[in-house]
1. Let's test the formula: R0 of 35 Å, r as the Cβ-Cβ distance of Glu68 and Glu149. What FRET efficiency results, to the nearest 0.05?
2. Using a 1.4 Å probe over the heavy atoms of the protein chains, calculate the carbon and sulfur portion of the accessible area of region 21-155 as a whole percent.
3. Between Asp96 and Glu35, what is the label-to-label distance in nm when each label sits 7 Å out along the Cα-to-Cβ direction?
4. In whole percent, what relative contact order does region 47-123 give with Cα contacts below 8 Å and a gap of six or more residues?
5. For region 138-155, in order, what is each residue's ³J(HN,Hα) by Karplus, 6.51 cos²θ - 1.76 cosθ + 1.60 with θ = phi - 60°, in whole Hz (x at glycine and Pro)?
6. Modelled label-to-label distance, Ser104 and Gln135, 7 Å Cα→beta-carbon offset: nm?
7. Which order, highest average first, do 121-127, 81-87 follow once you tally other Cβ atoms within 10 Å for each residue and take the mean per peptide?
8. Sorted by average packing, counted as other Cβ atoms within 10 angstrom per residue and highest first, what order do 37-44, 136-143, 104-111 take?
Amino acid sequence: MRRRLGILALVTLGLVSGGCVPPPPEENLARDYGEETTMGALQAAGRVRIGITTDAPPLGYVDPRTEEPAGFTVALGREIAETLGVRAVFTPAPSDRLLELVSSDDLDISFPNVPLTEEAVRGHSFSTPYVLVHQRLLVRASSPLRAVEDLAGER
């Protein structure tokens, strides 16, 4: 009997003390922007047109099973749309076309998988990079290959 009371006391203590822990704060990043701003114009439109790469899994690609855009950039695009309180409309395209689609106003934002060259930066507004990658070759010490350019289009 004493053992049952002890167990009951422990369970009751656990339930009571668990109820005293406040829930984690809800992080709501959504906010309203003035219509004169880019973000406000997107909110007024009710949607954000997002370009994602079709050729850079796992960053961006079209899932062959569902034929839907997928990858990290899709998740990031959904987060942006949710924060703005608008619908995300995805347009898959090869990386080399995404900048052109933003320039022609066919997209609001895009996630191209392109190097940040001086020419690209002069012609487009880029955010802070969200992914930094480097290419390296793993070759035998005796190989004449020393850089990606040495492959000359070969795989």
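1. Numbers: r = 36 Å, r/R0 = 1.02.
Result of the calculation: an efficiency of 0.45.
2. On the way: 5240 of 10080 Å².
So the carbon and sulfur contribution to the accessible surface is 52 percent.
3. 4.2
4. On the way: 125 pairs, mean separation 30.5, N = 77.
Rounded, it is 40 percent for region 47-123.
5. 10, 9, 5, 4, 7, 5, x, 6, 10, 9, 4, 4, 5, 6, 6, x, 7, 8
6. The modelled label-to-label distance comes out at 2.6 nm.
7. Put in order of decreasing packing, that is 81-87, 121-127.
8. Peptide ranking by packing, descending: 104-111, 37-44, 136-143.
The values are calculated or read from the model by the stated rules, or taken from the named source; none is laboratory data. Just so we're clear, the structure is a prediction, and the values are computed from it rather than from any experiment. Cβ: placed from backbone, ideal geometry, glycine included. Neighbour counts: every protein chain shown. To get the accessible areas, we keep the full protein, side chains included, count just its heavy atoms, and leave off ligands, DNA and RNA. Shrake-Rupley method; radii C 1.70, N 1.55, O 1.52, S 1.80 Å.
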